[in-house]
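Read through the structure below, which is laid out as structure tokens, and then see the notes.
Coordinate-derived values only; no laboratory data. Owing to the predicted nature of the structure, the values given are computational and were not obtained by experimental measurement. Note that we place each Cβ from the backbone using ideal geometry, even for glycine, and neighbour counts take in every protein chain shown.
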Amino acid sequence: MAEETHNIRDRISVSTVDGVADVRLQRPEKMNALDPEMFRALIETTDHLAKETSVRAVVLSGEGRSFCAGLDFASFTGMADSSESSGAALTELSPSGMTHYAQQAVFGWTELPMPVIAAVHGHALGGGIQLALGADIRIVHPEAKLSVLEIRWGLIPDMTGTQQLVDLVGPDVAKELTFTGRMVSGTECKELGLATRLSETPREDSLALARGIAQKSPHAVRATKRLMSNAARLDRATAFAREREEIGRLIGSANQAEAIASYFENRPAVFADPGINE
């Protein structure tokens, strides 16, 4: 299949081939730090991918030495010293009313219907670690350095990090990491539950995993993400009811029949793309 490439605000490149979107932060000279244009590019990228029904898995990584070094304070300080107000716009509520724009730059990845894999190397600090936490899966280099760094500046993680940290490691570990802002290696991240898997080549392994997922029924994969992403926030009766609803839609569907047929016929499956709301 031909590769399709998009460049978003000169901050992010999106290359899609065979159902896998390879998304790369493109500010290597600044260790992919988050300036206003990067925030906007992150939101525009997730808005774009949410409409791409042929995309079945996403890999998010950073070019250069690091995944994302966090907030680019110089760019925001420069705006504060001028009359420019675009930085303040990041604290305005997004159209959904559930997030402001800085939160949406992370939550947009969580909301995507297809799986998102973050490939983390170098540094993921402050907003950078929160961006990684917005993914479904994190493949991390053992020597990567991650930190919930906001306490250094007298701040809190405010890009959905307080929720994602507690979900992944529990409130006590989440508090310890946030109270201290200490650096955590990729190896310790795996021990704590922040990393799904360690890899010396996180981007390559993330792309390989994404290609494997892209070969499965996209309806079943999306249903799995919907169920498991919300499992911790639902009472059991509601969770079991949603399980029944999802399996009811899958059993006997065209893609479910194709999954069975391709297995017994020992051939690659050819699945139909889901609609935007499926």
Practice task
Please label the shape of the chain as rounded, prolate or oblate, based on the square roots a ≥ b ≥ c of the eigenvalues of the alpha-carbon gyration tensor (a/c under 1.5 means rounded; beyond that, a/b larger than b/c means prolate, else oblate).
Solution key: prolate
Exercise for the section: Rank these for me by crowding, F271, F39, going from fewest to most other beta carbons within 10 Å. Expected result: F271, F39
Problem - Sorted peptide list for 93-101, 51-59, criterion being average Cβ within 10 angstrom, highest first - result: 51-59, 93-101
Practice task
May I ask you to derive the relative contact order of the range 207-278, considering only C-alpha pairs under 8 Å and at least 6 residues apart, and to give it as an integer percent?
Solution key: 42 percent
Exercise for the section: Find the relative contact order for the range 118-225 and round it to a whole percent, using C-alpha pairs within less than 8 Å whose residues are 6+ positions apart. Expected result: 31 percent
Problem - Size of electric dipole in the range 174-260: Cβ of Lys, Arg +1 and of Asp, Glu -1, about Cα centre, debye, nearest 20 - result: 280 debye
Problem - Ascending count of other beta-carbon atoms within 10 Å, so fewest first, for E63, E191 - result: E191, E63
Handout entry: Neighbour-count order for W153, W109, fewest beta carbons within 10 angstrom listed first
Key = W153, W109
Practice task
Quick one: dipole size for the range 4-214, taken about the Cα centre, charges +1 on Lys/Arg Cβ and -1 on Asp/Glu Cβ, in debye to the nearest 20.
Solution key: 260 debye
Handout entry: Share, in percent, of DSSP beta bridges within the chain that are antiparallel, nearest 5
Key = 40 percent
Problem - Cα→Cβ-extended label distance, 7 Å offset, between E265 and M183, nm - result: 5.5 nm
